[in-house]
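Structure first, then comments.
The values are calculated or read from the model by the stated rules, or taken from the named source; none is laboratory data. A quick note: this is a predicted structure, and the numbers were derived from the prediction, not measured. Glycine also receives a Cβ, built like all others from the backbone with ideal geometry; neighbour counts cover every protein chain displayed.
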Amino acid sequence: MPLGTLDRTPPPFFKQGPSSLSKLVFFSTLALFLMVADTRLKISQPLRAAVGTVLYPAQWLVMQPVYLMQNAGAYFSTVQSAQQTEAAARQKLALQALRATQVEQLTLENNRLRKLLALREQLSVASQPAEVLYDAADPYTRKVIIDRGMAQGIEAGSPVLDESGVLGQVTRVYPLVSEVTLVIDRDQAIPVLNTRTGARSVAYGDPVTHGGAMELRFMPADADVQAGDLLTTSGVDGLYPPGLPVAQVTKVERRADATFARIYCTPKALALGARHVMVLAPLRGQIPAPPAPEKSVPVAKRKGRP
């Protein structure tokens, strides 16, 4: 057989596609492109919402044994625990009655001062109740999932409260559920007001200290802050209504060699055990827009003068 008629191509068994290095470069470039596109353009948000909607029945079904165990534990609670709870409730009710008497007097004085100074009445905020389903799966954050979403009109940025104070803020909304970032999360910050001094500052989450707390940062070492001071929302951020309890100062550390003081706070809300919460509408939708700047009229120069 002549040598020119022989097929010199390798058989199909030994044929290979692109090299491993080419595949690595291609898929690495594709992964970086998808990450940048998701960060900038939010292309995976509809997919996340669809997956969250599809997995919601499975999540609800998986949580049923946990609810059954919790209900069984509550059913077998002792009579002594119930008596202690009743005594604590009676004591708290007596304190609340005393505070209610003081609040009525202060409210009357406040209304008179508002009428005298022609102050604008406080904005009314719409709210709706919600229930905490479970904690978020990420162990490096402090987030919970509530049973309200887009279908119930929940918006991203909505404040979330429990019976004691500010619990957190809605950071992600799905069709049927929403994700709430707690005030003790390291990435959470909230403008606060010291009710004793009237000084404004910003409280940051500190999930490491005592299993979850807050911290006032960038406060001068000689700042007038004492243990026991109550911190409430200042309302300057246009998100939280003013006057909501946030935290209480528990410890103040001042060092001669440090410019800022270390101020530790305990949140008023039950950050690690809240079950029933209240979701408020963001305050920014009720604040009037700032007036448009006036156009300056150019002044004509007189003849004979520069």
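Report yes if ALA189 is out of contact with any Ser or Thr (no Cβ under 6 Å at 6 or more places or on another chain), small (Gly, Ala, Ser), surrounded by 20 or more Cβ atoms within 10 Å (Cβ to Cβ) and assigned by TED's automatic domain parsing to the domain that holds VAL246, otherwise no.
Answer is no for this residue.
Every residue in the stretch 133-173 that is at pLDDT 85 or above and more than 14 Å from the chain's Cα centre (by Cα), please.
Of everything in the stretch 133-173, those that are at pLDDT 85 or above and more than 14 Å from the chain's Cα centre (by Cα) turn out to be LEU133, TYR134, ASP147, ARG148, GLY149, MET150, ALA151, GLN152, GLY153.
Do any strands (runs of 3 or more DSSP E) lying entirely in the stretch 154-217 carry at least 1 residues that are of a type in the set (Gly, Ala, Ser), farther than 17 Å from PRO241 by Cα and out of contact with any Phe, Trp or Tyr (no Cβ under 8 Å at 6 or more places or on another chain), and which ones are they?
Output list reads 178-182, 200-206.
Under 8 Å between Cβ atoms, at least 6 apart or on separate chains: pull out the pairs that start in the stretch 147-174 with a residue that is under 24 Å from VAL192 (Cα atoms) and not assigned by TED's automatic domain parsing to the domain that holds THR53 and end on any residue that is modelled with pLDDT under 90 and hydroxyl-bearing (Ser, Thr, Tyr).
PRO159/TYR240; VAL166/TYR240
What single numbered condition from (1) in contact (Cβ under 8 Å) with a residue 40 or more places away in the chain; (2) under 16 Å from ALA269 (Cβ atoms); (3) crowded, with 18+ Cβ neighbours inside 10 Å fails to hold for TYR204?
Here TYR204 meets the rest and fails (1).
Yes/no per residue for (1) surrounded by fewer than 20 Cβ atoms within 10 Å (Cβ to Cβ); (2) assigned by TED's automatic domain parsing to the domain that holds ASP162; (3) not basic (Lys, Arg):
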residue	(1), (2), (3)
ARG217	yes, yes, no
ALA221	yes, yes, yes
SER234	no, yes, yes
ASP237	yes, yes, yes
PRO245	yes, yes, yes
GLU253	yes, yes, yes
PHE260	yes, yes, yes
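So is GLY198 on the phi > 0 side of the Ramachandran plot and within 11 Å of the chain's Cα centre (by Cα) or not? Don't jump to the end; show me each part of the working.
On the way: on the phi > 0 side of the Ramachandran plot: yes; within 11 Å of the chain's Cα centre (by Cα): no.
Taking the combined requirement at face value, the residue does not satisfy it.
Starting from residues that are among the aliphatic types (A, V, I, L, M) and modelled with pLDDT of 90 or more, keep the ones in the stretch 224-247 and report whichever is farthest from PRO139 (Cα to Cα). Lay out the reasoning, then the answer.
To start, the set of residues in the stretch 224-247 that are among the aliphatic types (A, V, I, L, M) comprises 225, 227, 230-231, 236, 239, 244, 246-247.
Then drop every residue that is not modelled with pLDDT of 90 or more, which leaves 225, 227, 230-231, 246-247.
Working: VAL225: 33, ALA227: 31, LEU230: 30, LEU231: 28, VAL246: 24, ALA247: 24 Å.
That would be VAL225.
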